[in-house]
Amino acid sequence: MYRSKISGVGKYLPENVVTNNDLKQWMETTDEWIQERTGIKERRWIDTETSDDTTSIMGAKAAKQAMERAGISKDDIDFIVFATLSPDMYFPGGGVRVQELLEMDTIGALDVRNQCSGFIYGLSVADQFIKTGMYKNILVIGSENHSGGLERSTRGRGVTVIFGDGAGAVVLSRSEDESTGILSTHLHSEGKYAKELALEGPSTGRWVDAIMEENDPDDTSYYPYMNGQFVFKHAVVRFSEAIVEGLMTNHLNKEDIDMLIPHQANLRISQFIQKKFRLSDEQVYNNIQRYGNTTAASIPIALAEAWEEGKINKGDCVVLAAFGSGFTWGSAIIKWA
Ligand SMILES: CC(C)(COP(=O)(O)OP(=O)(O)OC[C@H]1O[C@@H](n2cnc3c(N)ncnc32)[C@H](O)[C@@H]1OP(=O)(O)O)[C@@H](O)C(=O)NCCC(=O)NCCS
């Protein structure tokens, strides 16, 4: 059986920076409220007047950088896994669009719909394909265009201030070194809480209504809904469980963690986990301050940045963990190759 390793990391953030104070043009909010509750100072939102970026285009840009850093060309890629909750179109998914944008051969492209855990689910799927010998190089991409679908008003502020746009990608490659690479992945879900963090329309359930009630000012079903405190309480428990599960599977202790990259949901959640596992600032990577929560893109963006800053090196034990809508959650334990 083969092992898979991350051979290249990439990221792409739209240029347009939106600070907490910038948000005041649309809603009643303050920099203090946002920073205190979430840690976020600014996020990137696509400026549709000056940029053609979409979820797929950003994903393709991040993928290109990941392939360059892996030292391989688009013709070496055997398969694409694309994670997003904000696809360019209702269907088809973004994976096929990336395949077209990168002018790739007719390789398979799979979309993953697991929101904040999407990248870990995608990584796990790709890992299985490589381990069985079916594919050699797989692009795993997470990309989100949140700004196109957020409610920019005081009514929507509880959700809107948290989310940002961006994309991250990795190339997962076959390796014959048993001691490094992806050691294990762990996936979970709890569908009974699906509506605690969800966007109900457009959907087949809300499709006709969408047309009929187009002008109903009270209809918020086309904007994301989040039961913030409920999500927070579950997140801290599930993040911890997923990390412990990953460590135990590999007979590792928290002291063995060189770098924990939590999904960038909320700085307070990351700090809670850091404290619980008694990790130092150097052992936990956070960039939510600059990008907000970029959902499926947040882990690969953070992974790419940590690598660029020289904070991830050969032999390091890198732990990825995520929790989000579904609810879904998971972790990945990596010995950096
Ligand atoms: C979303 C979150 C930051 C909200 O913080 P909170 O302390 O729970 O705040 P509440 O929603 O209870 O709102 C408290 C008050 O602030 C107000 N408020 C909400 N958003 C605001 C904003 N952007 N600016 C100013 N005030 C705001 C609310 O209207 C409410 O006012 P009220 O007391 O007069 O009714 C917090 O619940 C959270 O981080 N949850 C986890 C979310 C998460 O991680 N999601 C991603 C999972 S992948």
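The values are calculated or read from the model by the stated rules, or taken from the named source; none is laboratory data. For clarity, every value in this text was computed on a predicted model and none was experimentally measured. Note: ideal-geometry Cβ built from the backbone for every residue, glycine included; neighbour counts use all protein chains shown.
Out of (1) within 16 Å of the ligand (Cβ to nearest atom); (2) under 14 Å from ILE138 (Cα atoms), the odd one out for GLY71 is which?
Result: GLY71 fails condition (1) only.
For segment 158-177, state whether one or more residues are surrounded by fewer than 17 Cβ atoms within 10 Å (Cβ to Cβ) and among the acidic types (Asp, Glu).
yes
For segment 282-305, state whether one or more residues are touching a Pro at 6+ places or on another chain (Cβ under 7 Å) and within 24 Å of VAL112 (Cβ to Cβ).
The answer is no, given that none of the residues of segment 282-305 is touching a Pro at 6+ places or on another chain (Cβ under 7 Å) and within 24 Å of VAL112 (Cβ to Cβ).
Being crowded, with 23+ Cβ neighbours inside 10 Å and either assigned by TED's automatic domain parsing to the domain that holds HIS146 or basic (Lys, Arg) (or both) is true for just one of GLY93, GLY59. Which residue is that?
GLY59
Which one of ASN293, ASN250 is in contact (Cβ under 8 Å) with a residue 24 or more places away in the chain, within 27 Å of ILE141 (Cβ to Cβ) and more than 19 Å from the chain's Cα centre (by Cα)?
Numbers: ASN293 fails: more than 19 Å from the chain's Cα centre (by Cα).
Being in contact (Cβ under 8 Å) with a residue 24 or more places away in the chain, within 27 Å of ILE141 (Cβ to Cβ) and more than 19 Å from the chain's Cα centre (by Cα) holds for just one of ASN293, ASN250, which is ASN250.
Anything in segment 112-136 that is crowded, with 21+ Cβ neighbours inside 10 Å, out of contact with any Phe, Trp or Tyr (no Cβ under 6 Å at 6 or more places or on another chain) and of a type outside the set (A, V, I, L, M, F, W, C)? List them, or say none.
Within segment 112-136, GLN115, GLY118, TYR121, GLY122, SER124, ASP127 meet the criteria.
Restricting to segment 231-267, what's the tally of residues that are more than 22 Å from ILE182 (Cβ to Cβ) and surrounded by 15 or more Cβ atoms within 10 Å (Cβ to Cβ)?
8
Quick grid of which residues meet (1) more than 17 Å from LEU267 (Cα to Cα); (2) within 9 Å of the ligand (Cβ to nearest atom); (3) part of a helix (DSSP H, G or I); (4) modelled with pLDDT under 95:
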{"position": "GLU28", "(1), (2), (3), (4)": "yes, yes, no, no"}
{"position": "ILE34", "(1), (2), (3), (4)": "no, yes, yes, no"}
{"position": "ARG37", "(1), (2), (3), (4)": "no, yes, yes, no"}
{"position": "ASP47", "(1), (2), (3), (4)": "yes, no, no, no"}
{"position": "SER51", "(1), (2), (3), (4)": "yes, no, no, no"}
{"position": "SER56", "(1), (2), (3), (4)": "yes, no, yes, no"}
{"position": "ALA60", "(1), (2), (3), (4)": "yes, no, yes, no"}
{"position": "ALA63", "(1), (2), (3), (4)": "yes, no, yes, no"}
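Would it be correct to say that ASP22 is near the ligand (Cβ under 10 Å from one of its atoms), within 14 Å of ARG157 (Cβ to Cβ) and over 19 Å from the mean Cα position of the chain (by Cα)?
no
Among the listed residues SER189, SER203, SER221, which satisfies the condition of being modelled with pLDDT of 95 or more, outside the structural domain of GLY122 (by TED's automatic domain parsing) and polar (S, T, N, Q)?
The conditions single out SER189.
Check LEU123, LEU139, LEU102 and return the single one that is in contact (Cβ under 8 Å) with a residue 40 or more places away in the chain, out of contact with any strand residue (DSSP E or B) (no Cβ under 6 Å at 6 or more places or on another chain) and in the same structural domain as THR38 (by TED's automatic domain parsing). It would help to see each step written out before you state the result.
Details: LEU123 fails: out of contact with any strand residue (DSSP E or B) (no Cβ under 6 Å at 6 or more places or on another chain); LEU139 fails: out of contact with any strand residue (DSSP E or B) (no Cβ under 6 Å at 6 or more places or on another chain).
Checking each option against the conditions leaves just LEU102.
Restricting to segment 10-40, name every residue that is over 17 Å from SER143 (Cα atoms) and surrounded by 18 or more Cβ atoms within 10 Å (Cβ to Cβ).
VAL18, ASN20, LEU23, ILE34, THR38, GLY39, ILE40, listed by residue number.
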